[in-house]
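To start, the structure itself, in structure tokens.
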Amino acid sequence: NAGVTQTPKFQVLKTGQSMTLQCAQDMNHEYMSWYRQDPGMGLRLIHYSVGAGITDQGEVPNGYNVSRSTTEDFPLRLLSAAPSQTSVYFCASRRDSLTYGYTFGSGTRLTVV
Amino acid sequence: GENVGLHLPTLSVQEGDNSIINCAYSNSASDYFIWYKQESGKGPQFIIDIRSNMDKRQGQRVTVLLNKTVKHLSLQIAATQPGDSAVYFCAENYMEYGNKLVFGAGTILRVKS
């Protein structure tokens, strides 16, 4: 049982490049979310999913896409990277609608130059 | 608007002393609160939670107090240890965004040996 696994751990992109941050969980959790964490700030919700095939926007969705084709995987796509997207990205999952607390991955540190 | 904030950005305590980390929230409709611990280079780790129908909950060396009258949450750590050094976040649960967690900016806890 690995929990929530994120890859890569570090990534440097040039402005305008695209890439996908991977997130996988092996706990059969229904809910998955992506957060970004910037210095001196709390985590902000980018996108979330309440189950396979269902996704929705969080508070800072612009510039990001997600999909949820399986229960296990919830990739985050940066369409055209911008320096403002330099951040640490965390994927999180929770079991179901009756479980509030999330289990977090270890994060992906992204730098856009 | 949404506001989960912390009174003290940095707290330094002597090893063995008790620590108290405070948090203010603004959404009186929030029904659930969580404290997370984040060590350097890692994702947030669940510490303890409390529902809005409670005013106190105890765990191992940790206690969370909830004062709904003044919208205040605190985390008490007994006999603070060097391993407790980390950033601590409070988060409140919003029913919108699939039970979104709204995070505060965090408090740095430094334990002096």
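Just a few scattered comments:
- Residues that are more than 15 Å from B:Ile21 (Cβ to Cβ), within 14 Å of another protein chain (Cβ to nearest Cβ) and among the polar types (S, T, N, Q) are absent from region B:64-72.
- Exactly one residue out of A:Thr70, A:Thr55 is free of Cβ contacts under 8 Å to residues at least 24 places away in the same chain, outside any strand (DSSP E or B) and of a type in the set (S, T, N, Q), and it is A:Thr70.
- Test: A:Asn28 is assigned to a strand (DSSP E or B), more than 10 Å from chain B (Cβ to nearest Cβ) and surrounded by fewer than 17 Cβ atoms within 10 Å (Cβ to Cβ): no
- Of residues in region A:58-107 being charged (D, E, K, R) and surrounded by fewer than 19 Cβ atoms within 10 Å (Cβ to Cβ), the one nearest to the other protein chains (Cβ to nearest Cβ): A:Glu59
- In region A:8-25, the residues that are surrounded by fewer than 13 Cβ atoms within 10 Å (Cβ to Cβ) and either among the hydroxyl-bearing types (Ser, Thr, Tyr) or closer than 20 Å to A:Gly51 by Cβ (or both): A:Thr15, A:Ser18
- Of the criteria (1) more than 30 Å from A:Phe10 (Cβ to Cβ); (2) modelled with pLDDT of 90 or more; (3) surrounded by fewer than 17 Cβ atoms within 10 Å (Cβ to Cβ); (4) of a type in the set (Asp, Glu), which one B:Glu39 fails: (1)
- The residue pairs whose first member lies in region B:8-28 and is within 20 Å of B:Ala79 (Cβ to Cβ), whose second member is at pLDDT below 95 and part of a loop (DSSP other than H, G, I, E, B), and whose beta carbons are closer than 8 Å, counting only pairs six or more residues apart or on different chains, are B:Glu15/B:Ser113; B:Ile21/B:Leu6; B:Ile21/B:Leu8; B:Asn22/B:Leu6; B:Asn22/B:His7; B:Asn22/B:Leu8.
- Residue check for A:Pro39: loosely packed, with under 14 Cβ neighbours inside 10 Å, of a type outside the set (Phe, Trp, Tyr) and under 25 Å from B:Gly106 (Cα atoms): yes
- Pair list, Cβ < 7 Å and 6+ apart or interchain, from region B:35-53 residues that are among the hydrophobic types (A, V, I, L, M, F, W, C) to residues that are surrounded by fewer than 14 Cβ atoms within 10 Å (Cβ to Cβ): B:Ile48/B:Gly59
- For region B:10-26, the count of residues that are under 22 Å from A:Thr99 (Cα atoms), part of a strand (DSSP E or B) and at pLDDT below 90 is at least one.
- When restricted to residues that are of a type outside the set (Val, Ile, Thr), facing chain B (nearest Cβ under 7 Å) and not in a loop (DSSP other than H, G, I, E, B), region A:37-51 contains 3.
- Which listed residue, of B:Lys71, B:Lys56, is within 14 Å of the chain's Cα centre (by Cα), farther than 19 Å from A:Ser33 by Cα, at pLDDT 95 or above and not aromatic (Phe, Trp, Tyr): B:Lys56
- Restricting region B:74-107 to residues that are under 10 Å from the mean Cα position of the chain (by Cα) and among the hydrophobic types (A, V, I, L, M, F, W, C), the residue that is farthest from B:Ile34 (Cα to Cα): B:Val87
- Just one of the listed residues (B:Ala105, B:Ala86, B:Ala91, B:Ala79) is closer than 20 Å to A:Phe90 by Cα, more than 11 Å from chain A (Cβ to nearest Cβ) and out of contact with any helix residue (DSSP H, G or I) (no Cβ under 9 Å at 6 or more places or on another chain), and it is B:Ala86.
- For beta carbons closer than 8 Å, sequence separation of 6+ or different chains, a first residue in region A:1-22 that is in contact (Cβ under 8 Å) with a residue 12 or more places away in the chain and a second that is acidic (Asp, Glu) and part of a strand (DSSP E or B), the qualifying pairs are A:Gln22/A:Asp73.
The values are calculated or read from the model by the stated rules, or taken from the named source; none is laboratory data. Remember, predicted model here, so these are calculated numbers, not experimental data. Cβ atoms come from the backbone with ideal geometry, glycine included; neighbour counts cover every protein chain shown.
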